[in-house]
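Peer 1: First, the structure itself, so that you have it in front of you.
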Amino acid sequence: MELLAVFLPLFAFIVAGLFGKQIGDIGCQIVTSASVIIAAVFSVILFFEVGLGDYEAYSTILTRWIDSGTFQVNWALRVDTLSVVMMCVINIVSSCVHIYSIGYMSHDAAKGRFMAYLSLFTFAMLMLVTADNLLQLFFGWEGVGLASYLLIGFWNHKPSANAAAQKAFVVNRVGDFGLALGIMAVFVIFGSLDFDVIFSQVSDFADYKFVFLGYELHALTVASLLLFMGAVGKSAQLGLHTWLPDAMEGPTPVSALIHAATMVTAGVFLVARMSPLFEFAPVALIVVTVFGATTAFVAATIGLTQFDIKRVIAYSTMSQLGYMFFALGVSAYGAAMFHLMTHAFFKALLFLGAGSVIHAMSDEQDMRNMGGIAKKIPATYTMMWIGSLALAGVGIPGIFGFAGFYSKDMVLEAAWADASWFGHYAYWMGIAAAVMTAFYSGRLIFMTFHGKPRASKQVMSHIHESPAVMLAPLYVLAFGAIFAGFLFYNSFVGSAHHGEHDAHHIAKPLASGDHHDTAMIESTTKRNAKEEIKKAAGTIKAGIETQVSNVEEKMIGHAESIAEDHSNGDLNPRAKSDNDQIDAAHTDKHTNDHDDKAHFAATKEDFWKNTIFIRAGNDTVDAAHGVDLWVKLLPLIAGLFGLGLSYIFYIVAPGLPEKCVKAFKYPHQLLFNKWYFDELYDALIVKNALRLGRVFAVAGDKNIIDRLGPDGTALASLKTGTIFGKIQSGFIYHYAFIMIISVIGLVTWFFMKAW
Amino acid sequence: MLDFNLIPILPEIFLAFTAMGLLIVGVSGGNKSTDIICWAAVLSCLMAIFLLFGISWQRTTVLNDMFIIDQFGGFMKLIILLGMIASIALSVKYLYQEQMIRFEYPVLMLMACVGMMLMVSAHNLLGLYMALELQSLSLYVLAAFRRNSYKSAEAGTKYFVLGALSSGLILFGISLVYGFTGSINFSVIQTSLSNEGAANIGAIIGMVFLLSGLAFKISAVPFHMWTPDVYQGAPTSVTAFFAIVPKVAAFALIIRLLYEPFAPLMEQWSQIILFLSVASMTVGAFAALVQDNLKRLLAYSSIGNMGYALIGIVAGNEAGVSAVIIYLFIYMFMTAGTFGVILCLRRGGIASEKISDLGGLSLTNPALAYAMAILMFSMSGLPPLAGFFGKLFVFQAAIDGELYALAIYGVITTVIAAYYYLRIIKVMFFDDPVDTLDKDIPFARRAVIFVSVIFVLGFIIKPNLLVSSSQSAASAITAPQGLAVKKTIKEPPQAAAAGDRPSSTEAAATVTGAQDK
Amino acid sequence: MIIQALAFYLFAGILSLSALAVITARNPVHSVLFLILAFFNASGLFLLLGAEFIAMILVIVYVGAVAVLFLFVVMMLDINFSDLRKGAMQYVPVGLLIGLILLIELAVIYQTWSLDAITAAASISMANMGETTNTELIGANLYTNYVLPFQIAGLILFVAMIGAIVLTHRSRPGVKRQKVAQQYARQRDEAMEIVKVTPRTGA
């Protein structure tokens, strides 16, 4: 099944890529879309089996790839919860984008090629997430990079698109360099690239040291940081983020699929996958947190000032990726993956919605030229609202919320629950970003759909709702954006105290955890506990909740100093009292909403099943369920505040933004110019690199390497050939002479040897 | 006293009589009957193959120890006969197209074939020389066959004069060997040499002369000078024949000579062969870069290929000999196909042989262009085509024989040589088309091209068919002599003999092993 | 023995000198004549060895057929050999040098030679020589021990014949040949036509 789920897109790519002419555009569209949809169905089945069911995780070995001494790498598909979650996200979003593209690209000449690239991307991404070793992951990593390059530059007649594609590729090179080094470092440390081998040995190497240039470096930290460098590049974190906004030059479905939902999250996936490594490298985790939090903040500030509808969403993506990273940094891997999933849905929705708007506005992307089109395209309008609300994280605590409500809150709470300086830093940065997120989401909606039309009459007269083939994927994604958080909250970050029967499940791992020195207890138990408690907070009175959270809070305080076993031991009896009520409330909901839900893994332990490791005392997800109420409510308040603010700015008092800009001229300039990152890089790196490159190209390459290397060798070869040609004079006696000389030479040789 | 058992020699006798019979048919039927005679010649080669399979390939010598049949000889004769069939089939239509239709043509080819088969089976220096002359004389005439063309006549003359020189070298070598070992019989020479070993400098010098003369026949550098001129000047069908078959026979002769009578001198002859191999690879790679005539280019290509094949002999183990046989087999198929394509290059009834004439072939005649492209890729040694495996086995044998530098050099020259093969592909696929080719490609030519392309493509599917038979052929020639070979190299004769036998089987095992993977 | 030795040196000396003259003579006819002289002396050497059959064959075949054929060709073609030789002559010094090296090497190598090797391994026993004649022995050997090379030699001649015909024979149009059967079978009315001539018309 996993074979089909992964290789159908490859098959589609091959068919559409090689035989595109023969089967025609429609053939390509059918083949690629159908393949990806089938793959999506299979991945959902896998998700239920492996993620929610109790199937064991497994690897399907396809063939031996490299076998060189001790370096052995397989082509294999690793199916575990982490990978099936990613597979689901990838395949579902990809199917939506495939179908959407049929409508969106209907005016394009090279539909077949576009669909083929999309399928290639999907395959590469699937290879990335199902890799069971780092090299295969690298293969997928580069594969998505290639596909991204091809798709950003898809409109290759546009110079800006070509430049953007190159920029994306080059900037990613920096990150990939780090990743490659990281992989090598891992191989040096563990002697293998197989995840199983690495993870099983990681605790043995906890204090392993490299000696590099005379410095002793903590090996795991170095490896983790190098791997993280790859993640920074791919996931557009601060420093290597400059390519992402430019990548919006690509067609909008591409932005939705690659630059919002899937590829950019590869970095998050990488860190989550390598969680055992990072867990033993606390310094690396701090770096990840700080990077993520800063990115979330900076990207959000830039997003406030942009006018290109796609760029706003792009910066929002960057900002949300920042959230995921600081969640990873505080060891809340489950929360990060949860946010990854929900984000994939609502961000793809936003992008595709934006695409629909752009489509309607005759390829206009500047929000200053939009406005007042809400009534003309009601479906798109609704979808955009759903996406924005999900992004802003709006919901009613304890009853229902959009996807972002659950995941973002979880991330922020986990950051707070980490109870460290960087955790708090991340929290406050996240809250600030949340305000801005809500603000620019509202700004986007209001500027685009409300107010007076700013577009020309011609454009306005052409505005039409998108065809059904474009709207249908929007509905699917909207469903995800609304319900994904609510449905999978328990599974991803659910509390251990969900119900008594769950408690039994947990009892075992806890018991075993007690006796293990390594104390590698899965995060899942804790996370589930937190989540459950959070839910409880929703359904039960706030008073009870505060009690519970207070107790938990204390507990976490303990957990820092005391071994985790204790905290768990404390947790269990305390939680039980609440559990009955919570459980009752939940089961009601489950049965009402969905039959499937009854089978959903109720706790994160059941769900993640060893795919994520968290060291003892680090489980912030569990801890997050017990944070203060204000910590939990603040993100929501921030979101509502931001939305309200945007309403005031753009509907109530439309003159306000300009005044603000005038009042804060310099800060605005800084933000509007994206903190001058591009300019800085251009001045510092690009120009110098070009200058250096020119030196090397002319002096080094052309005059030295080429002259001695390819050109020289080729010329020498030709000259040698000419000489041989000249010897071939055509005169018999020349020939005979050479023969005789040779014979005598040989005779003399042996003659000299004998005497 | 005299063993008059003629059964092992039956295929040769049959072919000789057929040739005479066909000559009579030709004389009475005139030149009109040429095509019938050609097909009859093909048929007789097929018959000879049947006869060959009919006789026992157990090592036997007959006619006063002058003729030997063994697995090696049998297999090489099979290759020769297959090559004969291909080259006669390629020729038929060409003779008509070029107005050189004469019934002697197939007769001469058959006589050359008899000569070559006798060469493979020679077990005596005198028989060797006579067989060689029989073959050479037929080839001289064939080279000059289009007597109205100056080029053809020049080719024939050059080939003849230089060939006579090489015959002189061989004869002089034979006389030295005879003088210093006291016999012209292979077994006796071997015994004599294994007693005296390297001390017999006279025999070594004799061997040098002998090998030089034979190197001429396989056009190994520096005895290759005739090759480009003759290949270019001779009628194309004859060139195809030259490139395909006589090399195999001469190689078989060299292998037999080196592994039977001169086996004790392995240390010495491997130096000569090494020199020839390196020189051939060099010239083959470089000189072809500047050629613009396809036939001339292929002449250098064949020189280079002979260099690669020689690597297998230098390796001096069973795997090496087996690799040579495989290499020659594959080379024969590729060359036959390539010449088949070249023979098809005709515009308005005139043959063209410039590389530029291939321009845009992919547009004007895609099937031919793709066939040629596959063959060229194979020639340049790209996996998974057959040409790659030929080189792989040879290089592997060299590495088994610890000749790392030689193997590396071989790879380097392969890379250089790839340039001119790929250039042909480039011209065919990326250059502007010249006029369209004549469309009527005779059936036989199609068949040869088709078979060779299929072979090149399909070799990877079942390489063991060829590999295992070539191994048994190689072991037939190396195994009984292996004892003597090692004796001279290693000091304690008995111990070495006992100790070294497994190494050759081991080498063979690695080849099989590579196949199984 | 002295006479034999004297005869050997005489024959050998003349042989060497005439061989030298063959390649140095300016007139090609002289070259061929020197060649004939060389053949005669070589056959003399064979006689001294007691190989009278070979000696006679040498005279008959080489002198009687080959050399005379050469003579005809040379005289009929009238080729100016000195022109041909001009190109080759510039290499004489190099050639001489190389020849000298080879000669020295071979000479040194001959030092290691001994007759033992041959006599030990020779298959033809010398003892039989007295009883049977040279010719008989060669014949017996050719058709028994050496039948294969002998037959191959036959094939070689066969090929040579075909080759000569292929390369030289041309059927020219307009050449009249005797065809006896046709000539006999010709009837009168095929060959003759009776024409009625009108007188005084002059035609």
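The values are calculated or read from the model by the stated rules, or taken from the named source; none is laboratory data. Predicted, not measured: the structure shown is a model, and the values here were computed from it. Neighbour counts run over all protein chains shown; Cβ positions are idealised from the backbone, glycine included.
Peer 1: Could you please find all residues in region A:653-671 being surrounded by 15 or more Cβ atoms within 10 Å (Cβ to Cβ) and closer than 22 Å to A:Met318 by Cα?
Peer 2: A:His668, A:Leu670, A:Leu671
Peer 1: Restricted to region A:621-643, and to residues that are buried (at least 24 other Cβ atoms within 10 Å of the Cβ) and of a type in the set (A, V, I, L, M), which residue is farthest from A:Phe400 (Cα to Cα)?
Peer 2: If we take residues in region A:621-643 being buried (at least 24 other Cβ atoms within 10 Å of the Cβ) and of a type in the set (A, V, I, L, M), then A:Ala623 is farthest from A:Phe400 (Cα to Cα).
Peer 1: If you don't mind, another one. For the condition assigned to a helix (DSSP H, G or I), closer than 21 Å to A:Lys452 by Cβ, in contact (Cβ under 8 Å) with a residue 60 or more places away in the chain and within 33 Å of the chain's Cα centre (by Cα), what is the one hit in A:Tyr650, A:Tyr681?
Peer 2: On the way: A:Tyr681 fails: closer than 21 Å to A:Lys452 by Cβ.
Answer to the check: A:Tyr650.
Peer 1: Name the single residue, out of those in region A:368-406 being in contact with a Lys or Arg (Cβ under 8 Å, 6 or more places away or on another chain) and aliphatic (A, V, I, L, M), that is nearest to A:Pro467 (Cα to Cα).
Peer 2: Checking each candidate, the answer is A:Met370.
Peer 1: Scan region B:134-150 and tell me whether some residue there is within 19 Å of B:Lys247 (Cβ to Cβ) and among the charged types (D, E, K, R).
Peer 2: no
Peer 1: Oh, and also: Out of B:Gly360, B:Gly401, which single residue is of a type in the set (Gly, Ala, Ser) and under 29 Å from B:Phe72 (Cα atoms)? Show your work before the answer.
Peer 2: Details: B:Gly360 fails: under 29 Å from B:Phe72 (Cα atoms).
Going through B:Gly360, B:Gly401 in turn, just one is of a type in the set (Gly, Ala, Ser) and under 29 Å from B:Phe72 (Cα atoms): B:Gly401.
Peer 1: Hey, among the residues in region C:47-96 that are among the hydroxyl-bearing types (Ser, Thr, Tyr) and modelled with pLDDT under 85, which one's surrounded by the most Cβ atoms within 10 Å (Cβ to Cβ)?
Peer 2: Looking only at region C:47-96, we keep the residues that are among the hydroxyl-bearing types (Ser, Thr, Tyr), and these are C:62, C:82, C:91.
Those still in the list that are modelled with pLDDT under 85 too: C:82, C:91.
Details: C:Ser82: 11, C:Tyr91: 13.
Step by step, filter region C:47-96, then rank; the result is C:Tyr91.
Peer 1: Let me ask something additional. Residues B:Ser28, B:Ser44, B:Ser91, B:Ser33: which one is within 22 Å of B:Thr335 (Cα to Cα) and polar (S, T, N, Q)? Outline the logic, then answer.
Peer 2: Details: B:Ser28 fails: within 22 Å of B:Thr335 (Cα to Cα); B:Ser44 fails: within 22 Å of B:Thr335 (Cα to Cα); B:Ser33 fails: within 22 Å of B:Thr335 (Cα to Cα).
Testing whether each residue is within 22 Å of B:Thr335 (Cα to Cα) and polar (S, T, N, Q) leaves just B:Ser91.
Peer 1: Are any of the residues in region A:16-23 touching a residue at least 12 places away in the same chain (Cβ under 8 Å) and within 20 Å of A:Ile90 (Cβ to Cβ)?
Peer 2: Checked against the condition, which is being touching a residue at least 12 places away in the same chain (Cβ under 8 Å) and within 20 Å of A:Ile90 (Cβ to Cβ), region A:16-23 yields at least one hit.
Peer 1: All but one of (1) within 17 Å of the chain's Cα centre (by Cα); (2) of a type in the set (Phe, Trp, Tyr); (3) surrounded by fewer than 24 Cβ atoms within 10 Å (Cβ to Cβ) hold for B:Phe216; which doesn't?
Peer 2: Just one mismatch for B:Phe216, condition (3).
Peer 1: With A:Ser148, A:Ser101 as the choices, which residue is under 20 Å from A:Phe169 (Cβ atoms), crowded, with 21+ Cβ neighbours inside 10 Å and among the hydroxyl-bearing types (Ser, Thr, Tyr)? Can you show your working first?
Peer 2: Numbers: A:Ser101 fails: under 20 Å from A:Phe169 (Cβ atoms).
Answer to the check: A:Ser148.
Peer 1: Say whether the condition of being in contact (Cβ under 8 Å) with a residue 12 or more places away in the chain, within 20 Å of B:Arg256 (Cα to Cα) and not in a helix (DSSP H, G or I) is met by at least one residue in region B:70-80. Can you show your working first?
Peer 2: Step one: filter region B:70-80 for residues in contact (Cβ under 8 Å) with a residue 12 or more places away in the chain, giving B:70-80.
Those still in the list that are within 20 Å of B:Arg256 (Cα to Cα) too: B:70-80.
Then drop every residue that is not not in a helix (DSSP H, G or I), which leaves B:70.
Among the residues of region B:70-80, at least one is in contact (Cβ under 8 Å) with a residue 12 or more places away in the chain, within 20 Å of B:Arg256 (Cα to Cα) and not in a helix (DSSP H, G or I), which makes the answer yes.
Peer 1: Quick check on B:Ser219: is it away from chain A (no Cβ under 11 Å) and on the phi > 0 side of the Ramachandran plot?
Peer 2: Values: away from chain A (no Cβ under 11 Å): yes; on the phi > 0 side of the Ramachandran plot: yes.
Against the criterion (away from chain A (no Cβ under 11 Å) and on the phi > 0 side of the Ramachandran plot), B:Ser219 qualifies.
Peer 1: Search region B:162-208 for residues being outside any helix (DSSP H, G or I) and among the polar types (S, T, N, Q), and hand back the single one that is modelled with the lowest pLDDT.
Peer 2: Only one residue fits best here, namely B:Asn200.
Peer 1: I would also like to ask the following. Filter region A:697-714 down to the residues that are within 42 Å of the chain's Cα centre (by Cα), of a type in the set (A, V, I, L, M, F, W, C) and surrounded by 13 or more Cβ atoms within 10 Å (Cβ to Cβ), then identify the one that is nearest to B:Leu289 (Cα to Cα).
Peer 2: Here the residue is A:Ile705.
Peer 1: Do we have C:Leu15 as within 20 Å of the chain's Cα centre (by Cα), among the hydrophobic types (A, V, I, L, M, F, W, C) and surrounded by 15 or more Cβ atoms within 10 Å (Cβ to Cβ) here? Give the steps one after another, and end with the answer.
Peer 2: On the way: within 20 Å of the chain's Cα centre (by Cα): yes; among the hydrophobic types (A, V, I, L, M, F, W, C): yes; surrounded by 15 or more Cβ atoms within 10 Å (Cβ to Cβ): yes.
Yes; evaluated as a whole, the condition is true for this residue.
Peer 1: As an exercise: evaluate A:Ser331 against (1) at negative phi; (2) touching a helix residue (DSSP H, G or I) at 6+ places or on another chain (Cβ under 6 Å) and give the number of the one condition it does not meet.
Peer 2: It is condition (1) that A:Ser331 fails.
Peer 1: Among the residues of region A:49-98, how many are of a type in the set (Gly, Ala, Ser), assigned to a strand (DSSP E or B) and crowded, with 18+ Cβ neighbours inside 10 Å?
Peer 2: So in region A:49-98, the residues of a type in the set (Gly, Ala, Ser) come out as A:51, A:53, A:57, A:59, A:68-69, A:76, A:83, A:94-95.
Pick out the ones that are also assigned to a strand (DSSP E or B) and you get A:59, A:68, A:76.
Now narrow it down to the ones that are crowded, with 18+ Cβ neighbours inside 10 Å: A:59, A:76.
Number of matching residues: 2.
Peer 1: Search region A:712-745 for residues being among the small types (Gly, Ala, Ser) and more than 7 Å from every other protein chain (Cβ to nearest Cβ), and hand back the single one that is farthest from B:Arg423 (Cα to Cα).
Peer 2: At the first step, the residues of region A:712-745 found to be among the small types (Gly, Ala, Ser) are A:712, A:714, A:716-717, A:721, A:725, A:729-730, A:736, A:742, A:745.
Among the residues that remain, those that are also more than 7 Å from every other protein chain (Cβ to nearest Cβ) are: A:712, A:714, A:716, A:729, A:745.
Numbers: A:Gly712: 19, A:Ala714: 14, A:Ala716: 18, A:Ser729: 25, A:Gly745: 36 Å.
Residue satisfying both the conditions and the ranking: A:Gly745.
Peer 1: Within region B:199-208, track down each residue that is within 9 Å of another protein chain (Cβ to nearest Cβ), more than 24 Å from the chain's Cα centre (by Cα) and surrounded by 18 or more Cβ atoms within 10 Å (Cβ to Cβ).
Peer 2: Those that are within 9 Å of another protein chain (Cβ to nearest Cβ), more than 24 Å from the chain's Cα centre (by Cα) and surrounded by 18 or more Cβ atoms within 10 Å (Cβ to Cβ): B:Asn200, B:Ile201, B:Gly202, B:Ile204, B:Ile205.
Peer 1: Going by the structure shown, is B:Ile9 closer than 21 Å to B:Val248 by Cα, within 14 Å of chain C (Cβ to nearest Cβ), within 22 Å of the chain's Cα centre (by Cα) and crowded, with 23+ Cβ neighbours inside 10 Å? Full working, then the answer.
Peer 2: Working: closer than 21 Å to B:Val248 by Cα: yes; within 14 Å of chain C (Cβ to nearest Cβ): yes; within 22 Å of the chain's Cα centre (by Cα): yes; crowded, with 23+ Cβ neighbours inside 10 Å: no.
In short, no.
Peer 1: How about region B:40-73: which of its residues are of a type in the set (Val, Ile, Thr) and over 21 Å from the mean Cα position of the chain (by Cα)? Write out each step before concluding.
Peer 2: Going residue by residue through region B:40-73, those that are of a type in the set (Val, Ile, Thr) are B:42, B:49, B:55, B:60-62, B:68-69.
Result: B:Ile55, B:Thr60, B:Thr61, B:Val62.
Peer 1: Name the residues in region B:274-294 that are more than 10 Å from chain A (Cβ to nearest Cβ) and either among the hydroxyl-bearing types (Ser, Thr, Tyr) or surrounded by fewer than 24 Cβ atoms within 10 Å (Cβ to Cβ) (or both), would you?
Peer 2: Of everything in region B:274-294, those that are more than 10 Å from chain A (Cβ to nearest Cβ) and either among the hydroxyl-bearing types (Ser, Thr, Tyr) or surrounded by fewer than 24 Cβ atoms within 10 Å (Cβ to Cβ) (or both) turn out to be B:Leu274, B:Ser277, B:Val278, B:Ser280, B:Asp292, B:Asn293.
Peer 1: What is the one condition in (1) within 11 Å of another protein chain (Cβ to nearest Cβ); (2) closer than 29 Å to B:Asn31 by Cα; (3) under 20 Å from the mean Cα position of the chain (by Cα) that B:Leu81 does not satisfy?
Peer 2: Status for B:Leu81: all satisfied but (1).
Peer 1: Could you identify the single residue in A:Ala419, A:Ala354 that is surrounded by fewer than 24 Cβ atoms within 10 Å (Cβ to Cβ) and either out of contact with any Leu (no Cβ under 8 Å at 6 or more places or on another chain) or assigned to a helix (DSSP H, G or I) (or both)?
Peer 2: Values: A:Ala354 fails: surrounded by fewer than 24 Cβ atoms within 10 Å (Cβ to Cβ).
After applying the criteria, what remains is A:Ala419.
Peer 1: Looking at region C:27-50, can you tell me whether even one residue there is over 15 Å from the mean Cα position of the chain (by Cα) and of a type in the set (Phe, Trp, Tyr)?
Peer 2: Within region C:27-50, one or more residues are over 15 Å from the mean Cα position of the chain (by Cα) and of a type in the set (Phe, Trp, Tyr).
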